[in-house]
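**Student:** What follows is a structure written as structure tokens; I'll ask about it next.
None of the figures in this text is laboratory data; all of them are computed from the coordinates on show. This is a predicted model, so every value here is computed, not measured. Because the Cβ atoms are built from the backbone with ideal geometry, glycine has one as well, and the counts that use them run over all protein chains shown.
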Amino acid sequence: MSENSSKSPFLRRTLKRRQIDFEIMVDWVEEDSRVLDLGCGRGILLRELVDRKKVYGVGVDSDLRKIASCVKRGVNAFQEDVSLALRRFKPNSFDYVILSRTLELIDEPGRVIQEALSVGSSVLVGAVNRGYWRNRISFLLHGKTKRNDVYPLWWEESPLSNHLSVGELHAFASRNGLEVRRLVYLKGDWNTVCRTLPNWRAGYAIFELASPG
Amino acid sequence: MNDARHVSEISFEGEVGIVRHHDFLCEEEFYFESGSVLPAFQLRYETYGKLNESRDNAILICHALSGDHHCAGVYSLNDRKTGWWNQMVGPGKPIDTNRFFVICSNCLGGCQGSTGPTSIDPKTGQAYRLSFPLPSIRDMVAAQSRLIDFLGIQKLCCVVGGSMGGMQALQWAIDFPDRVESVLALATTPRQNNQAIAFNAVGRAAILQDPEWREGQYAPGEGPDVGLSVARMMAHITYLSDEGLDKKFSRVRRLLNSDQTIEEIEFEVESYLRYQGDAFVNRFDPITYIYFTKALDRFDLYGENGILEEAFADVTARTLVVGFTSDWLFPPEQNRRIAAAMLRAGKNASYAEVDMKYGHDSFLIDSPELSRLICNFLQES
């Protein structure tokens, strides 16, 4: 996980942040299981999973530069939009489908989660909590979304994005009768575990969702 | 940043320089998939770089329909035309001859030095012509495997190929799972769609309907030149793209004189195609063209059950499939299907798509994205 560690301070901070949520997912995934990572980026998480949990891993990303990095890491990577790639796999092909910071960037994320729950036994979701108190206060006081390490771009430079909060994820799960098997909230530092008032206090959340029964 | 320091960080790219071809004569019988037999055969090939002591640094490059064994370097100092993949193969280049021993052979059934329809049949003392057995992609690979035996190589660290060469690379991984460490298949397909078959059919029709075809019994120095040239001109269009052609010619016209006839060349693109057609006639045999397009048409990895992943059941090679956005002959989707089927079969495979505007032939053109991908893939070897 030390890619480009000396080059960009932003990337360095981000990767450091990402270590904890990646660490939790690596911890959750069983050894020798099969993992599909939708929005796999540069394949850092998959590489960890292959090295430490001996998984059979497949990554999907729509960006050639990310795929090229995966290839360099020796991680299987498939270049396509995640919702299209998902349909290439048969039901129950994977033990886990990972959507780590992917939901906010895809069309119809609810449908993708449902389809992922058919292709995989469970879905691991990692998402930034837009309901985090600093975000709320910033909007309340300034009427503007905060620009920070997590969202470094001005609105006019950033891709279409679904804003979701921890509360909305829970509501989605209960509307669709999905089981939340495991759940970890991280505070605004994305590092320390957050135990109370997560929809206010959590900066990041990791869910394991499964179909009931 | 200081310039000198900057330069030292870039690995220096060199050329393979002057090369010459070799001929491998296999004196054992060769059985085609069809059951036909050749008493012996020859493959013409070139190599670049050095085979290491453990003989495990060999890469085999498979050429496309109209390609040959000359993929890098020049034949003399005055030779202005380098091999067809010169920017990809050489010291410090993506297929790095400082690291790898690179082999490229002309296919069985070809017309550039390997045994094919123009070779002499020892039984009759005459050229085989149409009595030469029709090779399949699998036959081409089986013949190459004899060459690899002869070179004393047990396992290839990569088999690389674009288009028809990509089909061969996949066939290598399927037929010789113990002998292929990795596969790099570019702009290829698990089977041609109707469009590609249709274009090949028109190419063959142009040759077969040329009055000079004479059932393949044309005299030396004669033959269906017009038909072959038309076939090549049309096929060449399918290797390019609308945008690529526009970029190259932008509707440029030659000078019009008042008495110009409709038979004369008017647009630059016409002149280019005519040149391509004429040049092809000088180096390619019509029967090989018919045979190779047939081999392409009949290649089908979907098998009897129509399930692509079944073809890959025994594959052990890690694979990178590369498609090109503007390729409408073997479109990205056909390339994606290869990698997706391998992944469904639980194999190690990746699919990458390079956004180049030159159509099917994009894989032959220098691009930093493609070079990086290939470097990254071979780095794992």
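**Student:** Work out the FRET efficiency for A:Asn162 and B:Ser371 from their Cβ-Cβ distance, taking R0 = 30 Å, and round it to the nearest 0.05.
**Tutor:** Here the calculated transfer efficiency is 0.25.
**Student:** P(r) of region B:157-299 in 10 Å steps, Cα pairs, percent per bin?
**Tutor:** P(r) for region B:157-299, in whole percents per bin: 10, 30, 31, 21, 6, 2, 0.
**Student:** Let me ask something else about it. Under the rule that a partner needs its Cβ under 4.7 Å from the first Cβ, which Cys of the protein assembly as shown have none?
**Tutor:** Isolated Cys, the protein assembly as shown: A:Cys40, A:Cys70, A:Cys194, B:Cys26, B:Cys62, B:Cys107, B:Cys111, B:Cys157, B:Cys158, B:Cys375.
**Student:** Further question on the same structure: Counting only other chains, and only Cβ atoms inside 10 Å, what mean value do you get across the residues of A:76-84?
**Tutor:** 5
**Student:** Once you keep just the Cα pairs under 8 angstrom separated by 6 or more residues, what percentage relative contact order results for region B:106-203?
**Tutor:** RCO, region B:106-203: 19 percent.
**Student:** Using the Cα centre of chain B as origin and beta-carbon charges of +1 (Lys, Arg) and -1 (Asp, Glu), tell me which of B:Ala64, B:Ala219, B:Ala311 is placed farthest towards the positive end of the dipole.
**Tutor:** B:Ala311
**Student:** Then there's this: Which loop-located GluC sites (Glu not before Pro) does region B:19-91 contain, where loop means any DSSP state but H, G, I, E or B and the Cβ has at most 12 other Cβ atoms within 10 Å?
**Tutor:** B:Glu27, B:Glu28, B:Glu29, B:Glu53
**Student:** Still on this structure, please answer the following. For the protein assembly as shown, give the magnitude of the charge dipole about the Cα centre (Cβ charges: +1 Lys/Arg, -1 Asp/Glu; no others), in debye to the nearest 20.
**Tutor:** Once rounded to the nearest 20, the dipole reads 2680 debye.
**Student:** Now for a different question. Kindly provide the helix-only [θ] at 222 nm of chain A, computed as the sum of -39,500 (n - 2.57) over DSSP H runs of four or more divided by all residues, to the nearest 500 deg cm²/dmol?
**Tutor:** -11000 deg cm²/dmol
**Student:** Mind putting a number on the dipole of region B:196-294 about its Cα centre? Charges go on the C-beta only, +1 for Lys and Arg and -1 for Asp and Glu, and I need it in Debye to the nearest 20.
**Tutor:** For region B:196-294, the charge dipole is close to 380 debye.
**Student:** Oh, and also: Quick one: Karplus J couplings for region B:296-305, per residue in order, coefficients 6.51, -1.76, 1.60, θ = phi - 60°, nearest Hz, x for Gly and Pro?
**Tutor:** With the stated coefficients, region B:296-305 comes to 5, 4, 7, 5, 8, 7, 6, x, 5, 8 Hz.
**Student:** Report the Cα-based extents of the protein assembly as shown along its three principal axes, largest first, to the nearest Å.
**Tutor:** Principal extents (largest minus smallest coordinate, Cα): 91, 63, 54 Å.
**Student:** Related question: Give a quick list of GluC sites (Glu not before Pro) in region A:31-114 that DSSP marks as loop, anything other than H, G, I, E or B, with at most 14 other Cβ atoms within 10 Å.
**Tutor:** Loop-located and lightly packed - A:Glu31.
**Student:** 7 Å from Cα along Cα→Cβ at both B:Asp246 and B:Gln154: what's the point-to-point distance in nm?
**Tutor:** The modelled label-to-label distance comes out at 5.5 nm.
**Student:** Picking from A:Leu103, A:Ser165, A:Gly57, whose Cα lies most toward the positive end of the charge dipole for chain A (charges on Cβ: Lys, Arg +1; Asp, Glu -1)?
**Tutor:** A:Ser165
**Student:** Let me ask something else. Show me, for region A:200-211, the HN-Hα J-couplings you get by feeding each phi into the Karplus relation (A = 6.51, B = -1.76, C = 1.60, θ = phi - 60°), rounded to Hz, glycine and proline as x.
**Tutor:** With coefficients 6.51, -1.76 and 1.60, one gets 8, 9, 7, x, 8, 9, 10, 10, 10, 9, 9, 6 Hz.
**Student:** Got a sec to turn the phi values of region A:95-111 into Karplus ³J(HN,Hα) couplings, 6.51 cos²θ - 1.76 cosθ + 1.60 with θ = phi - 60°, whole Hz, x for Gly and Pro?
**Tutor:** 7, 9, 10, 9, 10, 9, 6, 9, 3, 6, 10, 10, 6, 6, x, x, 5
**Student:** For a quick check of your reading of the filter: which trypsin sites (Lys or Arg not before Pro) in region B:205-287 sit in a DSSP loop and have no more than 15 other Cβ atoms within 10 Å?
**Tutor:** Those that pass, being in a loop and sparsely packed, are B:Arg251, B:Arg254.
**Student:** Tally Lys and Arg at +1 and Asp and Glu at -1 over the other residues with C-beta under 10 Å from the C-beta of B:Gly90: what net charge comes out?
**Tutor:** With Lys, Arg at +1 and Asp, Glu at -1, the neighbours total -2.
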